[in-house]
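This report refers to the structure that appears directly beneath it.
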Amino acid sequence: MSEQPQSSDRWSSEIDTLVTRCVAELAASPTEIALREAYARYGGQKGAVKRAVQAAITAAPKERKREVGQVGNAALQQIDGAFESRKRVLADEARGRDLARTVDVTLPGRAPRAGHLHPLTHTRREIERIFAQLGFSLATGPQVETDFHNFEALAMPKDHPARDMQDTFYVAGAKDVLLRTHTSPVQIRTMLAQRPPVRVICPGPVYRRDDDPTHSPMFHQVEGLVVDEQVTFGDLKGTLLHFVRAFFGPATGIRLRPSFFPFTEPSAEVDLSCVFCALQPKTRSPDAGCRTCKGTGWLEVGGAGMVDPEVFRHVDYDSERYTGFAFGFGIDRMAMLKYRISDIRLLYEGDQRLLEQFQ
Ligand code: PHE
C-alpha cells in the first residue's frame, strides 16, 4: 500500500468521527440555543469540522485538493442538514406546546377594579367645599376625648341631666376619658388654641349608645363655630340657609324651632324642608307630606344656637365683646337624605350593591 491512501484515510476518518459526534450532539440539543452552540463548535468558522477540512485541504498534494475539498463540503453539508432538521423539530415542539396551552397569554389583561370614595366621604367633602367658600377653615379634634372638652366646658357639669341624652362609651381604667358624643368639644379646643375671629367647621366621627335603623353607635357630625364681634342669630340663619341650598338645591328651606342645649342660648333645632316630597315652604298645602317627614314637610337635621357666655368663660373669651353661633349637623343623615338611603346601617355594611352606585 502506498502512503497516500493511508494518509487520505486518516483525515477522512477523522472528519467522519467529528461529523458523527456533531450529528449526535445536534440531535440531542434540548433547546435552540444549545443547538446553535453545538453547531458552532463543529460547523462554525472556528468549528472542529471546518478546521479539520481546511487542514486536510492544506495538507493534501495539489492534485488531490479538489477531491479533499469535495469530501469536506459533503461533511459540512451533512452537519448543516442535521442542524436544520433538529431546528425544525425543536420549532415544531415549541409550537405544539403553544397550541396545547389553555391560557392565552396574548389576551389583554384584566385591569384591577379601582376603588372609589364612600358616599359619606363625598358628603363630607361637599360640606367642606361649601363652607370653605364662606371662608370657614377646617378644625379637628380627637375621637377619644376628656370629660372636660366633651361636657364640662360646654356647660354640662357632672350632674347635668343633658348628659343622659348623650350617654356614651367610657374608656376603662382612665378617669374622665370617653369617646366623644358630639363634635362640640372641637369648639372648645379651637377656642383654647386661638383668639377671635373664629370661623371653623369640624367634621368627624362621634359615638353614642344608640342602635336602630336611623341611629348608629358611631356616626358623623359636622360642627360649625363662628365667633367675632357683633355676630348675630341672623348670621346663623343666613349661613344655614345658604348651606342647605348649596347642598340640597336652591329651593330648599329651613325652619328653626326653639330648643335647648346647655352650650347655646338661645338654641334651636334645625329642620330642613322635606327633600322626599319636595314640598317647598311657600307652596306647601295643608294635606302635604310623606312618610319620611311624617306628613309635616320638615326633617330634623341638627341643632344650633348662639354660644352661651358660660362656654366663653371656660375658654377665656370676653363675652361682653364677642358673640358667636354654633351648629351641629349629622353628616350621615344628610347623606341619607341627599342619596335617598333609608337605613343608616347601609352606610357601614360595605355592600357593593350600594357602594358601586357612588363610583
Ligand atoms: N352638639 C349638639 C348635639 O350633638 C348639636 C349642637 C351643636 C347644638 C352646636 C348646638 C350647637 O346634639
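Of all residues in region 294-309, which are touching a Pro at 6+ places or on another chain (Cβ under 8 Å) and either within 15 Å of the ligand (Cβ to nearest atom) or not assigned by TED's automatic domain parsing to the domain that holds H182 (or both)?
If the condition is that a residue be touching a Pro at 6+ places or on another chain (Cβ under 8 Å) and either within 15 Å of the ligand (Cβ to nearest atom) or not assigned by TED's automatic domain parsing to the domain that holds H182 (or both), then G305, M306, D308 are the ones that fit.
When you scan region 226-345 for strands (runs of 3 or more DSSP E) that lie fully inside it, which ones turn up with 3 or more residues that are among the aromatic types (F, W, Y) and under 28 Å from L120 (Cα atoms)?
Qualifying strands (runs of 3 or more DSSP E): 323-330.
Test E223 against the criterion of being within 11 Å of the ligand (Cβ to nearest atom), modelled with pLDDT of 95 or more and open to solvent by 40 Å² or more (accessible area, probe 1.4 Å), and give yes or no.
Criteria not met by E223.
Condition first: in contact with a Gly (Cβ under 9 Å, 6 or more places away or on another chain), of a type in the set (S, T, Y) and assigned by TED's automatic domain parsing to the domain that holds T323. Can you find one or more residues in region 185-203 that meet it?
Within region 185-203, one or more residues are in contact with a Gly (Cβ under 9 Å, 6 or more places away or on another chain), of a type in the set (S, T, Y) and assigned by TED's automatic domain parsing to the domain that holds T323.
The values are calculated or read from the model by the stated rules, or taken from the named source; none is laboratory data. These figures come from a predicted structure and were not determined experimentally. Note: ideal-geometry Cβ built from the backbone for every residue, glycine included; neighbour counts use all protein chains shown. Remember, those area values only see protein heavy atoms, side chains included, never the ligands or the DNA or RNA. Shrake-Rupley method; radii C 1.70, N 1.55, O 1.52, S 1.80 Å.
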